[in-house]
Amino acid sequence: MTSAPQSPAQQHAHDAARFTELVRSASAADWTRSSPVAGWTALDVVQHLVEWSRGFLMGAGIDLPALDVAADPVAAWEQHVTDIQAVLDDPAGRVLSNPHTGDKPVDEAIDQFYTADVWMHSWDLAKALGREPDLGQERCSAVLAAMEPMEQLLRDSGQFGPAVPVDHDASPQDRLIAFIGRDPAWRPGDGASRTSVPARDAVG
């Protein structure tokens, strides 16, 4: 069954809500746990999403105040979600200009670059917290199909590390995660995956 297309505001509300569940489930001790991204803790995953996207939005003349993620990850993340959702609920015809992406309506830019990043990084945070993430096999398959023809461009951009080998019959989620440089079988204590630069870093 194919899901109905969602607007940028609806997609963000859905993906951010799932990420928020993970953030709220973390204990104070969990934030120092290693993640599948080289050199990153669980806290770093949240901090990355908050900081780069707020800088990214300055390309649309949207200057959101800095948030202290380290001091209170849950409160900072919840405020961040509220701020981004407010922009998506009322994009007001604003256009975001960025040297990496060109000019795009702000809601389309958020959807394509930031919301997609929240969705992918939910895998990293879930794994760091010892959870088994479910990104949705149908969505993973569609995203992988869109990325595979651009593989060399993506590798050359530095946004993704080398692909991790997986079995030919691996699930769409495992194949997508392996494509972007993570080991689908990663567990806390295993060390980091081979990802060199997390998804979308080059955009921010």
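Quick notes
- Subtracting the Cα-Cα distance of residue 74 and residue 137 from their residue separation scaled by 0.36 nm leaves 19.9 nm.
- Taken about its Cα centre, segment 8-134 carries a charge dipole of about 240 debye when Lys and Arg each add +1 at the Cβ and Asp and Glu each add -1 at the Cβ.
- Contact order for segment 8-134, expressed relative to its length and based on alpha carbon pairs under 8 Å spaced 6+ residues apart, stands at 37 percent.
- A helix-only calculation puts the chain at -14000 deg cm²/dmol for mean residue ellipticity at 222 nm, using -39500 (n - 2.57) for each DSSP H run of at least four residues, averaged over all residues.
- Amide H contacts of residue 96: 104, 106, each under 5 Å away and 5 or more positions distant or on a separate chain (H built 1.01 Å from N in the peptide plane; Pro and chain starts excluded).
- Along the axis of the charge dipole computed for the chain (Cβ charges of +1 for Lys and Arg, -1 for Asp and Glu, origin at the Cα centre), the listed residues 74, 173, 49 are led at the positive end by 173.
- Across 69, 106, 143, mean-square fluctuation computed from a Gaussian network of the chain (C-alpha pairs under 10 Å connected) peaks at 143.
- When every Cα-Cα distance of segment 86-170 is counted in 10 angstrom steps from zero, the calculated P(r) takes the values 13, 37, 36, 13, 1 percent.
- Stokes-Einstein translational diffusion, the chain - Kirkwood Rh over all Cα pairs, 1.002 mPa s, 20 °C, in µm²/s: 124
- Computed over the chain with a Gaussian network model linking Cα atoms closer than 10 Å, the most mobile of 187, 139, 54 is 139.
Taken together, the values in this text are just the output of simple stated rules run on the coordinates, not laboratory data. This one's a predicted model, so the numbers in the text were calculated from it and none came from an experiment. Quick reminder, even Gly has a Cβ in these numbers, built from the backbone with ideal geometry, and neighbours come from all protein chains shown.
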